[in-house]
Amino acid sequence: MRYRSWAPALLAFPALLLAACASTTTPSTSSGSASNQATMSAKPAASQNSGMMASTATVLKVKTAIGPVLADSKGLTLYWFSKDTRMTSACTGGCATAWPPLLGKPVAAMGVHLTGQLGTITRSGGILQATYKGHPLYTYAGDMAPGQTKGNGVGGVWHVLRVNGITAVMPGSIMMNSSPTPAASMSSSSSGGYGGGGY
C-alpha cells in the first residue's frame, strides 16, 4: 500500500525533468536561430556591397582648350585634389557633391593608352574610388559638357590630369549617354602609334 502512495510522485518526477530541460534549451535554440537569421540577412547586404565594389569606371582622353586630359566615360574632365593622399580621399560631404568621386575599378577605354597606372582606394562604406598615378579621381559639378575644364585651379587645390595627345578624342565626338569606346578606337587607329610622355 505504501508503494502505491509514492507511485504518482515518481511518475511525475521524469515529467518535471523533461519540462526543465525543455525550458533551458529553448532560449539557446531561439537565440541560435536568431543568430542564423542575422547571418542570413547579412549575406545579401554583403553581396550587394561587393557588387558595388566590383563595378567599373571607363576612362579616356579628351582634347580640351588647355590640352588633352583624362576624362570619364561621358567625356567629363577628371581632376585630382592636392589634399588627398594615396590611400584616402579628403573630399567628403559637401565637397563630394561639388566634386563627385569617380567610383568603381577604372579601365581604359578601348584604344586608350596611358603612361600611368590605374588603381583604387576604398572610401567610407567600402566603396571603391578610381585613381590614376595614385591620385583619387573626381569630376566637377561645374563642367556641364565634355571637354570643359572649369574646375582646373579652383582654390589652388584642384587640377586636371594632363595626358599625351595620342588616343585623345574631340569633345564633340562623345555622346553623353553612349559608350566612348568606338570614338576612342577610331582616334587610336587614325593617330597611328602610342607616343610617350604625358600623364
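Calculated from the alpha-carbon coordinates, region 55-191 shows an Rg and a Dmax of 13.8, 43 Å respectively.
Going by how many other beta carbons lie within 10 Å of each one, how would you line up Val163, Val69, fewest first? By the 10 Å Cβ count, ascending: Val69, Val163.
Over region 104-174, the reciprocal of the mean inverse Cα-Cα separation, the Kirkwood hydrodynamic radius, stands at 13.9 Å. Close amide-amide hydrogen proximity is noted between Thr120 and Thr131, each under 5 Å apart and 5 or more residues distant or on a separate chain (H modeled in the peptide plane; Pro and chain starts excluded). Of Lys83, Lys105, the sequence from fewest to most neighbouring Cβ atoms within 10 angstrom is Lys83, Lys105. Here Lys133 is the anchor, and the lysines within straight C-alpha reach of less than 25 Å, apart from those fewer than 8 places off in the same chain, are Lys61, Lys63, Lys74, Lys83, Lys105, Lys150. When His135, His113 are sorted by how many other C-beta atoms sit within 10 angstrom of their C-beta, beginning with the fewest, the order is His113, His135. Counting charges near Val112 (Lys, Arg +1; Asp, Glu -1) among other residues having Cβ under 14 Å from its Cβ returns a value of +1. Quick one: net charge around Arg162, please, counting Lys, Arg +1 and Asp, Glu -1 for every other residue with C-beta under 12 Å from its C-beta. Once positives and negatives cancel, what remains is +3.
Bear in mind these aren't lab numbers, they're just calculated from the coordinates by the rules spelled out. Being a predicted model, the structure only gives us computed values, none of them experimental. All Cβ positions, even for glycine, are placed from backbone atoms using ideal geometry, and neighbour counts span all protein chains on display.
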